[in-house]
Amino acid sequence: MRLVFFDDYRLGVVQGDRIADATAALGDIAGVSPQDRLLTIISGWAELRPQIERVAQAAPSRPLRGARLRAPVPRPTKIVCAARNYRENGVHRTIPIEFFLKSTEAVLEPAGTVELPPHQATIFHHEAELAVVIGRAARRVKAAEALDYVFGYLPFVDVSARGLSGGFFIGKSFDTFAPMGPAIVTADEVSDPQRLAIELDVNGEPRQRFGTDDMANSTAALIEHASSITTLRPGDVLATGTNHQGLGALQDGDRVSLRIGDPSAAGGGWPALEFSVSDPEKRSWPRGVDEATAERARTPR
Ligand code: MN
């Protein structure tokens, strides 16, 4: 099932290019915060799922396009991101797992605007990533069981500022630097997270094109490793890293589109994540793929 929040954090089920309003399946949620609505859905999923399906079948629907979509994970308890983690189209055989935390303040709603800060970065990059939403508390789980802890999957862009002194925190945590969604695709719909195709375009021009089969450490291995360090909680987001062959600049006026899906599945393409970029400083960078970064990422460390 493909779940969205829309309008005043009403619960929607995406069916094709339409949204059915399934809010009534949640009962009285008037005083429940957006994130707690998600946690209610996650914790009660086994019982709620048939109700949500039933309500969605009978509910009025509206076009997905033009709907006021809200962040599918409104206030993640944490955002854990894998650094690198792609073999760069098979060039690297292994890459050690490395994580950083991105500020939860960085969450951007679908169709929102990434605002570039005035800090003098050498460039701001898009990093297209598959992310998971954790479904139950995971502490020291083994990779073989790790996907049982996933509630669902979603497209994620790890917006990154390069060249600023201060490490991952300043590079990754600016407000609006975590566009994600628009839908959470529940785990039952994803038979293998290592067989997904990722496509990111800027202003309609292709940038990133890669498969999750190029990940150096699988989604399950990342969950195993992260959960050995910190307990992953329902509503946490874990992003699985990016392939750097195709990164490019984000700059004022850009329109970004990220599509993820299983090419072999019927209705395989998930709803696309779209967002804009604003730079009050009106800086400019070369358009197209950042080939220097791509080459550096292919170079052995
Ligand atoms: Mn990243």
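The values are calculated or read from the model by the stated rules, or taken from the named source; none is laboratory data. All values derive from a computational prediction rather than experimental measurement. Reconstructed Cβ throughout: ideal geometry from the backbone, glycine too, with neighbour counts over all protein chains shown.
Summary of values
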read-out: Matching residues, region 63-112, being of a type in the set (D, E), surrounded by 15 or more Cβ atoms within 10 Å (Cβ to Cβ) and away from the ligand (no atom under 16 Å from the Cβ); value: E109
read-out: Leading residue by the ranking (nearest to the ligand (Cβ to nearest atom)) among those in region 220-241 that are outside any loop (DSSP other than H, G, I, E, B), among the small types (G, A, S) and buried (at least 19 other Cβ atoms within 10 Å of the Cβ); value: A239
read-out: Selected residue (only one of V157, V133, V107, V150 is touching a His at 6+ places or on another chain (Cβ under 8 Å) and closer than 29 Å to A67 by Cα); value: V157
read-out: Qualifying residue in region 243-252 (condition: within 19 Å of I97 (Cα to Cα), part of a loop (DSSP other than H, G, I, E, B), in contact (Cβ under 8 Å) with a residue 40 or more places away in the chain and of a type in the set (D, E, K, R)); value: no
read-out: Near pairs, Cβ below 8 angstrom, 6+ apart or cross-chain, from region 52-65 (part of a loop (DSSP other than H, G, I, E, B)) to any residue that is loosely packed, with under 15 Cβ neighbours inside 10 Å and at pLDDT below 95; value: L64/D17; R65/D17
read-out: Failed item, numbered, when D214 is tested on (1) touching a helix residue (DSSP H, G or I) at 6+ places or on another chain (Cβ under 8 Å); (2) within 16 Å of the ligand (Cβ to nearest atom); (3) within 15 Å of N85 (Cα to Cα); value: (1)
read-out: Failed item, numbered, when E47 is tested on (1) surrounded by fewer than 14 Cβ atoms within 10 Å (Cβ to Cβ); (2) within 22 Å of the chain's Cα centre (by Cα); (3) more than 30 Å from F100 (Cα to Cα); value: (2)
read-out: Selected residue [touching a helix residue (DSSP H, G or I) at 6+ places or on another chain (Cβ under 7 Å), of a type in the set (A, V, I, L, M) and either at pLDDT 95 or above or more than 27 Å from E109 (Cβ to Cβ) (or both)] from A226, A221, A266, A294; value: A221
read-out: Flag for D213 being charged (D, E, K, R), crowded, with 22+ Cβ neighbours inside 10 Å and touching a Lys or Arg at 6+ places or on another chain (Cβ under 9 Å); value: no
read-out: Filter result for I42 (among the aliphatic types (A, V, I, L, M), in contact (Cβ under 8 Å) with a residue 12 or more places away in the chain, more than 16 Å from the ligand (Cβ to nearest atom) and over 30 Å from H126 (Cα atoms)); value: no
